[in-house]
């Protein structure tokens, strides 16, 4: 994992997540209107200084641009073509420079007097300082990550960036693509140095990971111009993009020949060298899976739980919450089991849902096409009902796509990629159709709502379309907020009458159960020293997910300590805040206003979210 400043980190990692009735500026105004009378009075008595507000917001912009100037890959994500021919710098020296920049920026922010700012700018100041403090604290753990694993890895993210984000609109863009291919040896050499530094610190990814990442690397250099007749993924991508250019046939051929040479002389050898090193490193890997095996692993895991949940919950508290939620959801599932007339216990019902052919599309091109068409239809239907739930809606379009073949074997079940801010690329909901037995039809609704609408596409697109908030808030993120919203978005459609099929409602519960189970197995693996097999057995026994799905999930949790806890912790907080607001407002409660309050400030930590909802409640009370 490449360590990025928190000011832009979430947007980088998202390279992982209909029309707008009112402008994003109005959304910000609506959020501002929720300020309580007491807070407004504080602004007044503190003599808010408009010049200071302007200066501070310019600082946020300058700080964001300072980090952006150091990340060619993030520029590409934003649709910018500056440094279009370069990769990020992965060196330890660059990482140290980033630390010093963060310290300097934090020192400058600490000089600002918050009482001279309006509420919106005070919130931005608070978040900017919090992000930088977390980055500075996290520097000590820079050698505790796995920069090459089956979920995210430099060598596959490089290919994904070229394929999914590097547009070729002219000859210069094609030349930049070729330059990036030629830059891979140096790029991967830095990656290898980081892997060696991690290994020296005792951080080597578990042994089960190596076959995945080596296979992905080989997939990227299989086919022409390396071998065989079928084009390799990068060569096919480059050819396809160049063929669409309005240039002469001779120019196209010249560019394709240059790309072929770059692949054979630079990219190919870079991948082969990386494969060779990974095969050597594999011999040193162990089968220990948890973060506890790392140097000061317990402290590292505690830090990661804080980062991902934005709370101070302990591993044991999270574990117990998971057990409690699993028991509750099991009871709701038994109600559905009775509704469909199934005779047997819950585990037998799980087995029925895992194995009955009626719930699975065939693993064929026809089956995959049908899945994508159905998922698209589910999202389109939800689009037509958004006015009942939201005031603000995203401008960006949403595409549903299958995960690309070169990474489908190792990639997760489903994920979302943000749209380009300039509108040149839609938001993308990726479904992994490598094995259709891992994608049951009864989970399609919940999965589409989570990754698409009203889930990640709504939240992330609206955030980056907001006006008058700093860019670090548009493109930054907090996993508990983002994934908490995604999981909450699986629940909301039920209140509109969706999940009419009880099996589909079971699928919704199965998805929630999956996230509750994560609380148990993530803390089990990383704090309680569970083995990979113990964690797999827990999910097999307590969820209806197929064994292959379970194995892939546990392997994901192993290489991303703490991340899996964010979903359920975030959802529980949003549901808690909603129920509290309903109780306090009674007939004055408007779910559209509640959702706008959640979304109109961009991503925030859960404690800040609670403050914003409390302000909205007080504002509604004052108006009534």
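Of everything listed in (1) within 24 Å of the chain's Cα centre (by Cα); (2) within 17 Å of residue 143 (Cα to Cα), the single unmet condition for residue 293 is (1). Looking across the stretch 278-293, the residues that are crowded, with 18+ Cβ neighbours inside 10 Å and within 16 Å of residue 148 (Cβ to Cβ) come down to 278, 281. Filtered by the rule that a residue be closer than 14 Å to residue 162 by Cβ and not in a loop (DSSP other than H, G, I, E, B), the stretch 232-244 gives 233, 234, 235, 236, 237, 238, 239, 240, 241, 242.
Tell me, which helices (runs of 4 or more DSSP H) wholly within the stretch 91-167 include 2 or more residues that are closer than 30 Å to residue 231 by Cα? Full working, then the answer.
Working: elements: 92-110, 119-138, 154-164.
So the answer is 154-164.
Let's see how each residue does on (1) in contact with a helix residue (DSSP H, G or I) (Cβ under 6 Å, 6 or more places away or on another chain); (2) at pLDDT 95 or above:
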residue: 29; (1), (2): no, no
residue: 36; (1), (2): yes, no
residue: 45; (1), (2): no, no
residue: 85; (1), (2): yes, yes
residue: 97; (1), (2): no, yes
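Within the stretch 338-349, residues that are under 11 Å from residue 541 (Cα atoms) have Cβ atoms under 8 Å from residues that are outside any loop (DSSP other than H, G, I, E, B) in these pairs: 346/330; 346/333; 346/334; 346/337; 347/541, counting only partners at least 6 apart in sequence or on another chain.
Looking across 416, 360, one residue alone is farther than 30 Å from residue 231 by Cα and not assigned by TED's automatic domain parsing to the domain that holds residue 76. It is 360. Answer yes or no: is there a residue in the stretch 191-206 that is under 30 Å from residue 109 (Cβ atoms) and buried (at least 16 other Cβ atoms within 10 Å of the Cβ). Checked the stretch 191-206: at least one residue is under 30 Å from residue 109 (Cβ atoms) and buried (at least 16 other Cβ atoms within 10 Å of the Cβ).
Of all the listed residues (490, 483), the sole one being over 24 Å from residue 301 (Cβ atoms), buried (at least 20 other Cβ atoms within 10 Å of the Cβ) and in contact with a helix residue (DSSP H, G or I) (Cβ under 6 Å, 6 or more places away or on another chain) is 490.
Here's the yes/no breakdown for (1) within 23 Å of residue 85 (Cβ to Cβ); (2) touching a strand residue (DSSP E or B) at 6+ places or on another chain (Cβ under 6 Å):
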site	(1), (2)
215	no, no
223	no, yes
236	yes, no
246	yes, no
263	yes, no
270	yes, no
286	no, no
297	no, no
302	no, no
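Against the condition more than 23 Å from residue 556 (Cα to Cα), in contact with a strand residue (DSSP E or B) (Cβ under 7 Å, 6 or more places away or on another chain) and crowded, with 21+ Cβ neighbours inside 10 Å, how does residue 419 come out, does it pass? When the stated conditions are applied, residue 419 passes them.
The values are calculated or read from the model by the stated rules, or taken from the named source; none is laboratory data. Quick caveat: nothing in here was measured; it's all calculated off a predicted structure. As a convention, Cβ positions derive from the backbone with ideal geometry for all residues, glycine included, and neighbour counts pool all protein chains shown.
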